[in-house]
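Undergrad: Dropping the structure in here first, questions after.
The values are calculated or read from the model by the stated rules, or taken from the named source; none is laboratory data. Note that the structure is predicted; figures quoted are calculated from it, not measured. Cβ placement follows ideal geometry from the backbone for every residue including glycine, while neighbour counts extend to all protein chains displayed. Heavy atoms of the whole protein, side chains included, go into the accessibility calculation; ligands, DNA and RNA do not. Shrake-Rupley method; radii C 1.70, N 1.55, O 1.52, S 1.80 Å.
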Amino acid sequence: MRKVPGKPGGKTWTFVPKAYGNDQEPEPVTITIQTPTEGARREMYFAIDAEASRLAAGGTAPTHARAMAGLTIPVLTCVAGVANYTGAGGEAITTAADLLEHGEDLIIAETVNAIMGRGGLGEDEKKSSGSPSGSTSAVITPFDGTAGTVVSGASPASEAAA
């Protein structure tokens with residue numbers, strides 16, 4: 001019998017983003033996430049895709065605000081709380097809305113990846129994998145608004161085509 005991987009929908013769990021070395025801090029930013037059901041996850045994917053298609057069809061140039069717009073749906077739907085995070089102006093970041101308004105882009109993006117990626121494996125699904133497979137973890141480079149901060153490299157799609 002097949003079991004859907006990941007945490008069950010509705011389960012609340014804590015996520016610690018790694019961006020900016022947050023996971024190495026004595027009091028790291030923690031995000032409380034309520035795992036979406038598979039149906040809710042599909043609705044989020046379709047909403048994000050529909051917005052991207054709408055922008056592309058209209059010939060609208062991508063902007064930072066439009067790129068971040070696709071991240072708002074999962075954050076507002078699934079972030080139940082934020083701890084140990086303060087905005088640049090000293091404002092406490094404790095809610096999903098606060099995170100979107102005052103949080104750093106990489107923290108938000110990493111949170112969305114955790115939400116949309118089924119929230120990791122459940123304890124009963126974790127296995128010891130032995131030696132590493134040779135893959136490396138992604139390097140996250142903060143974007144400072146210049147073209148030089150974009151890290152080039154092979155994507156999974158380009159590797160498959162090669």
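Undergrad: Along Cα→Cβ, 7 Å out, is where each label goes; now give me the distance between the ones at Thr32 and Asn113 in nm to one decimal.
TA: 2.5
Undergrad: Could you give the nm distance between label points at Ala88 and Lys18, where each point is 7 Å from its Cα heading toward the beta carbon?
TA: Placing both labels 7 Å beyond Cα along the Cβ direction yields 2.6 nm.
Undergrad: Right, something else. Set the Förster distance to 22 Å, then compute FRET efficiency between Ala50 and Arg2 from the Cβ-Cβ distance, nearest 0.05.
TA: Efficiency at R0 = 22 Å is approximately 0.15.
Undergrad: Okay, next question. Let me cross-check Asp98: its accessible surface, 1.4 Å probe, with only protein heavy atoms counted, in Å² to the nearest 10?
TA: Answer for Asp98: close to 40 Å² accessible.
Undergrad: For the range 1-112, report the accessible area per residue in Å² (1.4 Å probe, heavy atoms, rounded to an integer).
TA: So the range 1-112 comes to 58 Å² accessible per residue, rounded to a whole number.
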